[in-house]
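Peer 1: Mind having a look at this structure? Questions to follow.
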Amino acid sequence: MEKRDFYDVLGVSRGGSADEIKRAYRQKAKALHPDRNSGDPDSEAKFKEVNEAYEILSDAEKKAAYDRFGHAAFSGGTGGAGGGFHAGPDVASAFSEVFDDLFGDFMSVGRGRKRSTRGSDLRYNLQIDLEEAFHGTKKKLTVQTSASCNACRGTGAEGGADPTTCPTCAGGGKVRARQGFFTIEQTCPTCGGQGRIIKQPCRSCAGAGRVKKDQTIEVKVPPGVDNGTRIRLAGRGEAGIRGGTSGDLYVFVQINSHSIFEREGSNLFCSLPVSIATAALGGEHDVPTIDGGKSRVRIPAGSQTGKQLRLRGKGMPSLQGSGNGDMMLEIKVETPVNLTSRQKDLLREFEKLSQENNPNSSDFFGRVKGFWDDMKS
């Protein structure tokens, strides 16, 4: 079968630059990789064809020979029956980039990788009172974390000496391994991908570069926080490994229950017990507010249990700074207990005189009478 023109294989013009050729190769190799085309029996042959074309066109001397003599310049050579596939330096470099696109860190070449490791993030559950959530507060937290070792300055080596380059991977953090058709790169077993080794570990931290330590950290809790509010303290988590950046500390706020108020968002709710006389005749009451003060509210005459009164702006502040919520007072009409004989007589007399003044009772029992009449008929 006659070989296709290498420029046609890659889909570039004869005047294409080296960057255009490399970019076209990466796109083709990525699209035709056998692992992505398991259902196409011709994918491996096409993949080899693309690699053969790139090996020739990526080399200036081979490209010049091909432009002048075509395939005849390499008859019996690369890609022929006796040659087999062999990736030159440029092909290997571009091929590893394709692998990096396809498989990410699992097949990454490791060049230029950071050898330091970022520290872990930490979580702290902070319990505060509702009054503290209203005003805002400052709290000192004691957190056990991994801090940079002072003896070795975080290097992990005795006396703070710099780690030496790993002799196995020459500092790359990766080693090459041949697996059948492919040559891939794997994490170096000597340094664990760090690229450096410690000859004499620090005695204080055993070479870890970090030690366990209790830290006292002050956190500012803004007014208006609610249950589940997360406060991020950048860089206050665990120290990084071998010079890596520290993680963050996340403080999750939990608000204790209150003896008077219940909270829903920025609004506060409070039950207000009212005597029968005040509910019937109306009156005024002093009620507490979350800021430590008090407000006087008017109870309308004829108030029933469940009626709500609103005090605007007496709720919790908004974290977004858009003012305060409201305070809702729910009236609970209170039935008196432990009555004296005189009180009982007065209530019986009141009951006789107020039959027509209880609209809910009259309506209910009227509907009950109608229900029984319907059942009889």
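The values are calculated or read from the model by the stated rules, or taken from the named source; none is laboratory data. This one's a predicted model, so the numbers in the text were calculated from it and none came from an experiment. Don't worry about glycine lacking a Cβ; one is built from the backbone with ideal geometry, like all the others, and counts go over all protein chains shown. Areas reflect the complete protein model, heavy atoms only, side chains present, ligands, DNA and RNA absent. Shrake-Rupley method; radii C 1.70, N 1.55, O 1.52, S 1.80 Å.
Peer 1: So which residue, out of G247, G224, G39, gets the largest mean-square fluctuation from a GNM of the chain using Cα contacts under 10 Å as springs?
Peer 2: G39
Peer 1: Next question, about the same structure. So how many Å³ per residue does the convex hull of the Cα atoms of segment 203-355 work out to?
Peer 2: 167 Å³
Peer 1: For segment 138-292, how big is the tail of P(r) above 24 Å, as a whole percent of Cα pairs?
Peer 2: Tail of the P(r) past 24 Å holds 62 percent of the pairs.
Peer 1: Considering only protein heavy atoms and a probe of 1.4 Å, how much of the accessible area of the chain is carbon and sulfur, as a whole percent?
Peer 2: 47 percent
Peer 1: Restricting the count to DSSP beta bridges whose residues both fall in segment 238-377, what percent are antiparallel, rounded to a multiple of 5?
Peer 2: 65 percent
Peer 1: Protein chains only, probe 1.4 Å: how do K212, K314 rank by accessible area, largest first?
Peer 2: Result of the area sort, largest leading: K212, K314.
Peer 1: Work out the FRET efficiency for I276 and N338 from their Cβ-Cβ distance, taking R0 = 22 Å, and round it to the nearest 0.05.
Peer 2: Between I276 and N338 the formula returns 0.90.
Peer 1: So what's the back-of-envelope 222 nm ellipticity for the chain, counting only DSSP H runs of four-plus at -39500 (n - 2.57) apiece and dividing by all residues, rounded to 500?
Peer 2: Mean residue ellipticity at 222 nm (helix-derived): -8500 deg cm²/dmol.
Peer 1: Ok, one more. Quick one: ranking E158, E264 by accessible area, 1.4 Å probe, largest first, what do you get?
Peer 2: Most to least solvent-accessible, the answer reads E264, E158.
Peer 1: Nearest 10 degrees, 0 to 90: what angle lies between the long axis of helix 18-32 and the longest principal axis of the chain (Cα atoms)?
Peer 2: Value to nearest ten degrees: 70.
Peer 1: Give the list, by residue number, of cysteines in the chain with no other Cys Cβ closer than 4.7 Å, or say none.
Peer 2: C270
Peer 1: Continuing with this model, one more query. Return one number: the angle in degrees, 0 to 90 and rounded to the nearest 10, between the long axis of the Cα atoms of helix 43-57 and the longest principal axis of the Cα atoms of the chain.
Peer 2: The angle comes out at about 60 degrees.
Peer 1: Loop by DSSP (not H, G, I, E, B), at most 16 other beta-carbon atoms within 10 Å: where is the longest site-free stretch of the chain for chymotrypsin sites (Phe, Trp or Tyr not before Pro)?
Peer 2: 182-377
Peer 1: Can you give me the accessible area per residue for the chain, using a 1.4 Å probe, in Å²?
Peer 2: Normalised by residue count, the accessible surface of the chain is 62 Å².
Peer 1: At a Cα cut-off below 21 Å, give the lysines reachable from K140, other chains included and same-chain residues fewer than 8 away excluded.
Peer 2: Output for K140: K212, K213, K220.
Peer 1: Treat the chain as a sphere of radius equal to its Kirkwood radius over Cα pairs and apply Stokes-Einstein at 20 °C in a medium of 1.002 mPa s; give the translational diffusion coefficient in µm²/s, rounded to a whole number.
Peer 2: Value of D from the Cα-based Kirkwood radius: 72 µm²/s.
Peer 1: Heavy-atom accessible area of T155 with all protein chains present, probe 1.4 Å, nearest 10 Å²?
Peer 2: My reading of the accessible area for T155 is about 20 Å².
Peer 1: Return a whole-number percent for the relative contact order of the chain, with Cα pairs under 8 Å and 6 or more residues apart as the contact set.
Peer 2: 13 percent
Peer 1: Please work out the Kirkwood hydrodynamic radius for segment 125-221, using every pair of different C-alpha atoms, and report it in angstroms with one decimal place.
Peer 2: 16.9 Å
Peer 1: So which GluC sites (Glu not before Pro) in segment 1-66 pass both tests, a DSSP loop state and at most 11 other Cβ atoms within 10 Å of the Cβ?
Peer 2: E2
Peer 1: Taking the square root of 5 times each eigenvalue of the Cα gyration tensor, what semi-axes in Å does the equivalent ellipsoid of segment 208-291 have, largest first?
Peer 2: Three semi-axes, in Å: 50, 10, 9.
Peer 1: So which lysines pass the test for K199, namely a Cα distance under 20 Å, with those fewer than 8 places away in the same chain ruled out?
Peer 2: Once the sequence-local lysines are set aside, what remains near K199 is K174.
Peer 1: Report, in listed order, any pair from K22/K62; K332/K352; K138/K307 with a Cα-Cα distance greater than 27 Å.
Peer 2: Table pairs above 27 Å Cα-Cα are K138/K307.
Peer 1: Right, next: Assuming 0.36 nm per residue, please report the length gained on full extension of the stretch K139 to S318 beyond their Cα-Cα distance.
Peer 2: Full extension of this stretch gives 62.4 nm more.
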